[in-house]
Amino acid sequence: MQLTNRAKQVSNKEMTLAEKMYLPAVVGGLAITIKHFFRKKPTIQYPEVKKYLGPIYRGHHVLKRDEQGRERCTACGLCAVACPAEAISMVAAERKKGEEALYREEKYAAVYEINMLRCIFCGLCEEACPKQAVYLRHDRMVPVFLERDEVIYGKDRLVESLDDRYIRKNSEVATTPTEPSLTRSTT
């Protein structure tokens, strides 16, 4: 009974003198070493020159604002539920009179925190957000932590400033849709 058609016939022929001395293997290894020796070095001068991270890189988190500068997050909690590492926590509050210029909806996130030691940068929070409030920037890395207090990112570090708006520059990368796709294949 044959399970696959990938069977390979093995022969026990006698090795030649060169094969017994491993000369072809040594020469092949030296050829690879010499080829790599003369290749251009992939080193970049990091602080001055930064490497392009690519359009699908998931880096620094940002809480988006709308066109009027109001926070998009409505504290629905879907990002916290979708997070497999349980890195996101939030406290919802109701908007008071006079805060219409700050928040879009009646409910907003009074406290929104991401524990960056727990975050695995999977992007599920970005996909789960129905208001497109959470994004993982593809152009900025998360800075290095020096103190344990710096790993909890609150709204002071997450909400984007109006002078540094985040816009996806690559049109080939689809942004998070506002509603789920209804065109799924039936197979």
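Look at Ala87 and say whether it is within 20 Å of Cys122 (Cα to Cα) and of a type in the set (A, V, I, L, M, F, W, C). Yes: the conditions hold for Ala87. Scanning region 22-74 for residues that are within 30 Å of Ala92 (Cβ to Cβ) and hydroxyl-bearing (Ser, Thr, Tyr) yields a count of 1. Residues in region 74-108 that are among the basic types (Lys, Arg) and crowded, with 18+ Cβ neighbours inside 10 Å: 1 in all. Leu117 falls short on exactly one of the conditions (1) modelled with pLDDT of 75 or more; (2) in a loop (DSSP other than H, G, I, E, B); (3) under 23 Å from Lys50 (Cβ atoms), and that condition is (3). Would you pick out the residues in region 72-95 that are of a type in the set (D, E, K, R) and under 15 Å from Glu113 (Cα atoms)? Within region 72-95, Glu86 is the sole residue that qualifies.
Right, Thr175: in a loop (DSSP other than H, G, I, E, B), modelled with pLDDT under 90, surrounded by 11 or more Cβ atoms within 10 Å (Cβ to Cβ) and of a type in the set (S, T, N, Q) or not? When the stated conditions are applied, Thr175 passes them.
Restricting the first member to region 68-83 and to residues that are hydroxyl-bearing (Ser, Thr, Tyr), and the second to residues that are surrounded by fewer than 18 Cβ atoms within 10 Å (Cβ to Cβ) and not in a loop (DSSP other than H, G, I, E, B), the beta-carbon pairs closer than 7 Å and six or more apart or on different chains are Thr74/Lys107. Taken over region 127-153, the residue count meeting the criterion of being of a type in the set (A, V, I, L, M), under 16 Å from the mean Cα position of the chain (by Cα) and assigned to a helix (DSSP H, G or I) is 1.
Given the residues Ala75, Ala80, Ala7, which is the only one that is at positive phi and either assigned to a loop (DSSP other than H, G, I, E, B) or in contact with a strand residue (DSSP E or B) (Cβ under 7 Å, 6 or more places away or on another chain) (or both)?
Values: Ala80 fails: at positive phi; Ala7 fails: at positive phi.
Only one candidate passes the filter, namely Ala75.
Report whether or not Arg118 is under 22 Å from Leu162 (Cβ atoms) and not β-branched (Val, Ile, Thr). So Arg118 fails the test. Would you say Glu71 is of a type in the set (D, E, K, R) and surrounded by 11 or more Cβ atoms within 10 Å (Cβ to Cβ)? Judged against the criteria, Glu71 is a match.
Listed here are the residues, each with its yes/no results for (1) out of contact with any Cys (no Cβ under 8 Å at 6 or more places or on another chain); (2) surrounded by 10 or more Cβ atoms within 10 Å (Cβ to Cβ).
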position	(1), (2)
Thr33	yes, no
Thr43	yes, no
Tyr57	yes, yes
His61	no, yes
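Can you tell me which residue in region 10-60 is farthest from Met141 (Cα to Cα), limited to those that are aliphatic (A, V, I, L, M) and part of a loop (DSSP other than H, G, I, E, B)? Don't jump to the end; show me each part of the working.
Step one: of region 10-60, the residues aliphatic (A, V, I, L, M) are 10, 15, 17-18, 21, 23, 25-27, 30-32, 34, 44, 49, 53, 56.
Applying the additional criterion that residues be part of a loop (DSSP other than H, G, I, E, B) yields 10, 15, 21, 44, 49, 53, 56.
Values: Val10: 52, Met15: 54, Met21: 51, Ile44: 17, Val49: 14, Leu53: 9, Ile56: 13 Å.
Filtering first and then ranking leaves Met15.
I need the full set of residues from region 84-113 which are in contact (Cβ under 8 Å) with a residue 24 or more places away in the chain, assigned to a loop (DSSP other than H, G, I, E, B) and of a type outside the set (D, E, K, R), in order please. If the condition is that a residue be in contact (Cβ under 8 Å) with a residue 24 or more places away in the chain, assigned to a loop (DSSP other than H, G, I, E, B) and of a type outside the set (D, E, K, R), then Pro84, Ala85, Ala87, Ala101, Leu102 are the ones that fit. Taking the stated definitions as given, is Tyr57 among the aromatic types (Phe, Trp, Tyr), under 20 Å from Cys125 (Cα atoms) and either in contact with a His (Cβ under 8 Å, 6 or more places away or on another chain) or touching a residue at least 60 places away in the same chain (Cβ under 8 Å) (or both)? Yes; evaluated as a whole, the condition is true for this residue.
The values are calculated or read from the model by the stated rules, or taken from the named source; none is laboratory data. Fair warning: this is a prediction, and the values are worked out from it, not measured in the lab. Methodologically, a virtual Cβ is constructed for each residue, glycine included, from the backbone with ideal geometry; neighbour enumeration extends over all protein chains shown.
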